[in-house]
Every structure is written in structure tokens, then in C-alpha cells.
């Protein structure tokens, strides 16, 4: 699809701009960055809409939904970066977004017909996407935080270290993202339990179990942060562990259903 290629090219140009600016230790020009990302997101939104919706219904295949996740993630980071130092996340997000866009047309996957799309289902899907996207950003933040902590311990202050925000700022942002994502994950699980009938028949057992495991991991982390002041390596392990369980809940289930079982 032509719009996919155009969007990919725009994201690549934006990534090059971010990389060159940060490596020179210069401040990103807000208007330029906002203009580039706004253009990318508009194109990405159109591409995603055309990919997901057609006359047959709603396409919810793994690769197509992955493109939607990256659209939401980039949108959230762009808006948040207006007030918070999140620009460094684009160094990782934009290449992954490009890969997601290039592969989104490779496989259609399951389709939900228009008659089966209810307001309750839409609410559950939107809450799930917001939860996954926010917790994905928190995980990227945790990986940057782990790298930053290691470099500081080894007294390495050059390279990418010179463009990253202070360690405390990074950690505070990570917990803000986890809290917000945890709220949306809670709502997503509740709407799934209330509105989706016969979980076993719909092959959603594994998704539900791993989602609950992820919720428990994040709940323990936030409880430990509040009562025991958890931070640093302990917090990073819980954030990444919770996200791993969440990815097994959705992407693991999708891979099994769409590729492994479908191939038999």
C-alpha cells in the first residue's frame, strides 16, 4: 500500500532528525518535532484505518493490530513529550514503528463482522490498547533506566548518556506510566469479564490468565513502591516482568491461534 510506504519514509526522516539532534547534544526544536510527528501520525492513522476496516468488517490480525499499537504509543509519547523529557524514546520507537508498518500488510488474520461489533466490545478493545500502549512505553522507559543506571555505575558519561534526563526524572516518569497503564489494564480486564461471554469457547483462557498475572505483578510493584519505597533494579524487573506477561497474554495467544494452529 502506497500510504504505508509514504508513512514509513516520514518516520525514517523523523528518526534521522531525532538521532542527529540528540547526538549533537542539541535541544529538539519543539515546532519541528511536533510538525514531523503530527504529519507521521496523520498518515499512520489513515493507513491503520484502511488496514483495519473494510466492507467485510474489522481486521484484528496480529500484524495489523501491532501497527495500531505503535500508532497509539507514538501518539501518547508525542503528546507527553510536550511537557516531559520523553524524546529519547523515539530512538527505539520509530524503528520499531517502521517495522510494524512494513509487515502490517503481510497477513490478514481473523475478521469480526460488522454485526458482531458492539459498543461493549469496542470499549474493551480501546481500553486494552491504551493499557498495552502505556505499559509498553513504561517498559521502554525501564530499559533506558536500566541502561542509564549501568552506565552511571561504570562512570560512563559520554555518548547517549549526555542526552538522557536525570535518573530520578526517568524513574518518576516510569512509575507515572505504570500507574496510568495499570488503571486502564484493570478496566480492560473488568470489561472483558463483564461483556465477553463464554471465555473458554472463544479461546481466550490463556489471554485472561496472563492478563491477570500481569495485573498482579504490577499491583505488587505499585504496592511495594508505596509501602516499601521500591525503586531501581527491583522496580525495573517488575515493570519488565509485568509487560512480558502482558505480551504473552495478547501476542502469545495471537501467534498460537493465527500461525501455529492455523498452519495445522
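The values are calculated or read from the model by the stated rules, or taken from the named source; none is laboratory data. If you're wondering where the values come from, they're calculated on a predicted model, not measured in any experiment. Cβ coordinates were reconstructed from backbone atoms using ideal geometry, including for glycine residues, and neighbour counts include every protein chain displayed.
Some values worked out for this structure:
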| quantity | calculated |
| --- | --- |
| Residues being more than 19 Å from the chain's Cα centre (by Cα) and either surrounded by 13 or more Cβ atoms within 10 Å (Cβ to Cβ) or closer than 10 Å to residue 90 by Cβ (or both) - total across region 15-28 | 7 |
| Index of the failed condition, residue 216 passing every other in (1) in contact with a helix residue (DSSP H, G or I) (Cβ under 7 Å, 6 or more places away or on another chain); (2) within 20 Å of residue 142 (Cβ to Cβ); (3) modelled with pLDDT of 90 or more | (1) |
| Lone qualifier among 41, 126, 52 - being touching a strand residue (DSSP E or B) at 6+ places or on another chain (Cβ under 7 Å) and modelled with pLDDT of 75 or more | 52 |
| Failed criterion for residue 174 (all others in (1) more than 17 Å from residue 129 (Cβ to Cβ); (2) surrounded by fewer than 19 Cβ atoms within 10 Å (Cβ to Cβ); (3) modelled with pLDDT under 95 hold) | (2) |
| Any hit, region 93-113, residues being surrounded by fewer than 23 Cβ atoms within 10 Å (Cβ to Cβ), modelled with pLDDT under 90 and farther than 19 Å from residue 64 by Cβ | no |
| Residue match in region 146-155 (condition: over 19 Å from the mean Cα position of the chain (by Cα), buried (at least 19 other Cβ atoms within 10 Å of the Cβ) and either closer than 24 Å to residue 242 by Cα or at pLDDT below 85 (or both)) | yes |
| Condition check for residue 234: modelled with pLDDT of 75 or more and over 28 Å from residue 82 (Cα atoms) | yes |
